1. Here are the criteria: (1) of a type outside the set (A, V, I, L, M); (2) part of a strand (DSSP E or B); (3) closer than 25 Å to TYR187 by Cβ. Tell me which single one ASN224 does not satisfy.
2. Going residue by residue through segment 80-95, is there one that turns out to be under 26 Å from ASN224 (Cβ atoms) and in a loop (DSSP other than H, G, I, E, B)?
3. Would you confirm whether or not segment 293-304 contains a residue that is in contact (Cβ under 8 Å) with a residue 40 or more places away in the chain and either part of a loop (DSSP other than H, G, I, E, B) or among the hydroxyl-bearing types (Ser, Thr, Tyr) (or both)?
4. Being touching a His at 6+ places or on another chain (Cβ under 6 Å) and either within 23 Å of ASP28 (Cα to Cα) or at pLDDT 70 or above (or both): is that true of SER142 here?
5. What's the number of the only condition in (1) more than 22 Å from ALA367 (Cβ to Cβ); (2) modelled with pLDDT under 95; (3) β-branched (Val, Ile, Thr); (4) assigned by TED's automatic domain parsing to the domain that holds ILE270 that VAL159 fails to meet?
6. Which ones in segment 42-74 are among the small types (Gly, Ala, Ser), assigned to a loop (DSSP other than H, G, I, E, B) and buried (at least 20 other Cβ atoms within 10 Å of the Cβ)?
7. Filtering segment 77-101 down to residues that are in contact with a strand residue (DSSP E or B) (Cβ under 7 Å, 6 or more places away or on another chain) and of a type in the set (A, V, I, L, M), which residue is modelled with the lowest pLDDT?
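The values are calculated or read from the model by the stated rules, or taken from the named source; none is laboratory data. Computed from a prediction, not measured in an experiment: that's the story for all the values here. Note: ideal-geometry Cβ built from the backbone for every residue, glycine included; neighbour counts use all protein chains shown.
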Amino acid sequence: MINKRLLIKNLLAHNDENSFYDKKRKIDISLKEGKAKFLKHVCALSNSNPKNNSYIVIGVEDADNKILGVHFFDDSKIQNLINAYLTNPPIVQYENIPFPHLPDNKVVGLVTIRPMDELTALRKNIWKYYGGSVFFRDGSISMPKVFDLVIKDVNSKIVGAIEAHAQNNIEYTLDGVFDFLNKRKDYNPQYKVFKEYFVVCWSGQQKVVKNAVYFSRVDIELINEQVRLFFSTFDEVAISYNEGHFKIVEYVSLGLQNAFKYYELEETIIKFQDNAQYHIETKLLFQPPQYDKKVLHHIYNANNALLEKLKKGLSLNSNEARDLKNLPATYLICYLNLFHEAINKLHEAKPYLRDYDIDSYNSYQDAVRILRKVKYS
């Protein structure tokens, strides 16, 4: 089993960007340009490595390989995006890898691309790239190329050696467990061994509601691979497990005018097998709340007026400041109730919420994360 933190270090130490790995300071697939560039790199790496994995490391300074980290990214539906835009799509996995020197809200993103040994191309137009385009890696650059029918395999031995040097061992596992238990002392850290091999650590603030146990400020790590599986600062989750699996059900709080209710968002099950393998299954559970359209239209217009006031730099009274923290969730509910223009208003509000205060901006990030999960399901 590969220790992903060690793999990242080996990739960064081996060479600069090349035909089997790329590094990015950050990516943003919420915008069409960012989505198109990400798809281009996935396509190019898949085509340039028909027999071996290729990687994108996110959260690294390009000039000196300094690990700065990015915010946690829990898009389990990224494969749906790949399938929608690429023919012969590779298997793509995005994982969040914690590093000891990074703050709790930062990780390094690791994208693993497993090719299908067939030529990958854009299925349809996106941004400035045309459907049918084929990309390859030319050194550290992803670019369109005229291609041969036979794709050359030049990196299998190199990548195989890098992965072999990143294999986990008992020392890394124990260090990971002790590190987790020490860092999460305030949130009742726990661990469990599955199938005599896998170690899962988790922590969170416990809350009991009607005899049901929930956790907030949750942190969960699969220690063997140094992968942070799930992280939620604002939402609440239910955790259950047996000898063969570890299950997380994520809840989100949504509502209007301070009348909030918890809704199931997504279920994640980590299934452990006897042959030292595991796989993760996710299932969207979300059913958006429905409201009377006339009431919703009134609230939508009130939020538009609040946004305009914020854009003009006018001061907000205490009631407006409270409503501002609910503005992203309100726009999300409006969009899920077929107010299609509400999504544009949500994105328009982003820079103003970020400049106003951290709570409002965190509410925006939460709304976008829910939207992303729903959109690609």
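1. Of the numbered conditions (1) of a type outside the set (A, V, I, L, M); (2) part of a strand (DSSP E or B); (3) closer than 25 Å to TYR187 by Cβ, the odd one out for ASN224 is (2).
2. Yes - at least one qualifying residue is present in segment 80-95.
3. Taking every residue of segment 293-304 in turn, at least one turns out to be in contact (Cβ under 8 Å) with a residue 40 or more places away in the chain and either part of a loop (DSSP other than H, G, I, E, B) or among the hydroxyl-bearing types (Ser, Thr, Tyr) (or both).
4. yes
5. Failed condition: (4).
6. The first filter runs over segment 42-74 and keeps only residues among the small types (Gly, Ala, Ser), leaving 44, 46, 48, 54, 59, 63, 69.
Checking the rest, the ones that are also assigned to a loop (DSSP other than H, G, I, E, B) come to 59, 63, 69.
Of everything in segment 42-74, those that are among the small types (Gly, Ala, Ser), assigned to a loop (DSSP other than H, G, I, E, B) and buried (at least 20 other Cβ atoms within 10 Å of the Cβ) turn out to be GLY59, GLY69.
7. ILE78
Table: residues versus (1) touching a helix residue (DSSP H, G or I) at 6+ places or on another chain (Cβ under 6 Å); (2) modelled with pLDDT under 90; (3) more than 19 Å from SER30 (Cβ to Cβ).
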site	(1), (2), (3)
LEU324	yes, no, yes
PRO328	yes, no, no
CYS334	yes, no, no
PRO351	no, no, no
TYR356	no, no, yes
